[in-house]
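Colleague: Take this structure, written in structure tokens, and hold onto it; I'll ask about it next.
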Amino acid sequence: MLTRVDVALGPRSYPVLIGSGCLQELGATLRAQGLPQTNAFVITNPVVAPLYFPILEESLSAAGFQRIVRHEIPATEEGKNWEVFSATCASLLEHFPDAGASPIVILLGGGVVGDLGGFAAAVYRRGVPFVQVPTTLLAAVDSSVGGKVAVNFGGVKNIMGAFSQPRLVFCDLGTLSTLSARELRSGTAEIIKYGAVCCQSLFEDLEAGALKKLLALDPPTVVDIVARCVKLKAAVVERDELDKLGIRNVLNFGHTIGHALELSADYALTHGEAISVGMVAATKLAVHLGLCDTAFQSRLEALLREAGLPLTHPGHPELFEPMLKALQLDKKFRNGRNLFVLPTAPGAWQQREDLPWPLVHQVMQEAIAAQPGTPL
Ligand code: NAD
Ligand code: GLY
């Protein structure tokens, strides 16, 4: 039994199907969605492939796929780069030079596979259909939905990319059972993000025990929370698909300082860990500006702590200058200013581009100070 959430984008609409132990149904589901291809190019990585590629391959074969090519990319964020992207495009061209035999691209993995592989599918022959099969919690609740596909380039996160919607997101939450505890916790950062700035009831449910059950991979809780997050993301994307109206910025809560830290620390932190530190820093900014009370900050910090996520990245004052540089290279840096998404209450937010630099510097310094919680 699959839970279905629709992303309604007119001709680019697609369903997100969520279940547990359903990977073997992928092939039949592609057919049920009217996808007629008989060739598949599966992008995955050396960690995920041995675990899940055989089931996926069997499922596609049973549905009449004749040629299934497996292409692996590195299993870490360092591999989300132009060279790996280029090698992926080269492999697509090598295996499928004939336009009449164009494949469906299947992205089996976490956000790195989804972002890089989705970008390759978006540009190969000006776009071939692709399907997201997320295998991390983070990818299930966030990166597989919404059509942002990209690679890091020139020291900037996600600066080369496109908007290209998948034909289907097929989420087998059973795959989360093999995820490391650290990667599971990392995924909860984006879930806490949705609660903090998009949905008060989600925030409160996480506080009231759902986070604990999620971390224990309690099946009904995982399906419920993933479906709720996907619905929240779909609602944002439906209103601002191309990130032009300011509405989609809400999804960037914690990402301004978080991305700067993620890059400057050379990916010593996972994406979710960096976003956790970034959310705390953004909330401190909101408190300093009088936009949000300290009670909210305490509640957010308590949730992040319960999730085993870091509130700061202490002992790294040397990262201050690289982080400043990264802020200026941020995708959303415009006219000399960074965009900050600031929480105002559970489920509510404001965006600001006029923050005083000394205040921004102060919270950044607190995030990386030699002693936790103190300025440099
Ligand atoms: P990831 O893709 O690097 O996966 C984390 C690790 O988990 C990898 O080592 C991977 O091999 C391993 N893994 C994946 N599935 C597994 C499984 N089922 N069992 C065991 N191991 C497994 O990281 P992520 O957290 O999924 O994604 C982070 C990326 O997503 C970042 O690049 C971030 O920028 C991007 N992102 C994109 C969007 C978007 O809208 N496009 C949104 C949020 C994040
Ligand atoms: N994760 C940011 C976005 O989808 O807009």
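The values are calculated or read from the model by the stated rules, or taken from the named source; none is laboratory data. Predicted model, so just to flag it, every value in this text is computed and none were measured. Glycine also receives a Cβ, built like all others from the backbone with ideal geometry; neighbour counts cover every protein chain displayed. For the accessible areas, the whole protein counts, side chains as well, though only heavy atoms, and no ligand, DNA or RNA atoms are used. Shrake-Rupley method; radii C 1.70, N 1.55, O 1.52, S 1.80 Å.
Colleague: Within the range 307-330, does at least one residue satisfy the condition of being within 19 Å of Thr188 (Cα to Cα), open to solvent by 20 Å² or more (accessible area, probe 1.4 Å) and either assigned to a helix (DSSP H, G or I) or polar (S, T, N, Q) (or both)?
Modeller: yes
Colleague: Select, from Gly117, Gly109, Gly154, the only residue that is modelled with pLDDT under 95, among the small types (Gly, Ala, Ser) and more than 15 Å from ligand 2 (Cβ to nearest atom).
Modeller: Among Gly117, Gly109, Gly154, only Gly154 is modelled with pLDDT under 95, among the small types (Gly, Ala, Ser) and more than 15 Å from ligand 2 (Cβ to nearest atom).
Colleague: Taking the range 214-223 as the search range and keeping residues that are surrounded by fewer than 16 Cβ atoms within 10 Å (Cβ to Cβ) and assigned to a helix (DSSP H, G or I), which one is nearest to ligand 1 (Cβ to nearest atom)?
Modeller: So the residue we want is Pro219.
Colleague: Quick one: is Val42 within 30 Å of Met160 (Cβ to Cβ), surrounded by 19 or more Cβ atoms within 10 Å (Cβ to Cβ) and of a type outside the set (Phe, Trp, Tyr)?
Modeller: Against the criterion (within 30 Å of Met160 (Cβ to Cβ), surrounded by 19 or more Cβ atoms within 10 Å (Cβ to Cβ) and of a type outside the set (Phe, Trp, Tyr)), Val42 qualifies.
Colleague: Has the range 224-237 got at least one residue that is surrounded by fewer than 24 Cβ atoms within 10 Å (Cβ to Cβ), over 13 Å from Ile191 (Cα atoms) and not aliphatic (A, V, I, L, M)?
Modeller: No, because not a single residue in the range 224-237 is surrounded by fewer than 24 Cβ atoms within 10 Å (Cβ to Cβ), over 13 Å from Ile191 (Cα atoms) and not aliphatic (A, V, I, L, M).
Colleague: Scanning for something more than 25 Å from Gly117 (Cβ to Cβ), part of a helix (DSSP H, G or I), touching a Gly at 6+ places or on another chain (Cβ under 8 Å) and not aliphatic (A, V, I, L, M), does the range 168-187 turn up at least one residue?
Modeller: So far as the range 168-187 goes, no, none of its residues is more than 25 Å from Gly117 (Cβ to Cβ), part of a helix (DSSP H, G or I), touching a Gly at 6+ places or on another chain (Cβ under 8 Å) and not aliphatic (A, V, I, L, M).
Colleague: Further question: So for the range 53-65 (the condition being open to solvent by 20 Å² or more (accessible area, probe 1.4 Å) and closer than 28 Å to Cys229 by Cβ), does at least one residue qualify?
Modeller: Yes, there is a match, as at least one residue in the range 53-65 is open to solvent by 20 Å² or more (accessible area, probe 1.4 Å) and closer than 28 Å to Cys229 by Cβ.
Colleague: Right, something else. Return the residues of the range 135-156 that are out of contact with any Pro (no Cβ under 8 Å at 6 or more places or on another chain), within 6 Å of ligand 1 (Cβ to nearest atom) and open to solvent by 10 Å² or more (accessible area, probe 1.4 Å); say none if nothing qualifies.
Modeller: Selection gives Thr136, Leu138, Asp142, Lys148.
Colleague: Among the residues of the range 238-263, which ones are more than 11 Å from ligand 1 (Cβ to nearest atom) and either open to solvent by 20 Å² or more (accessible area, probe 1.4 Å) or of a type in the set (Lys, Arg) (or both)?
Modeller: Scanning the range 238-263 gives Glu238, Arg239, Glu241, Leu242, Lys244, Leu245, Ile247.
Colleague: Give the residue that is nearest to Glu183 (Cα to Cα), with candidates limited to residues of the range 2-57 that are within 16 Å of ligand 1 (Cβ to nearest atom) and in a loop (DSSP other than H, G, I, E, B).
Modeller: Within the range 2-57, the match that is nearest to Glu183 (Cα to Cα) is Val47.
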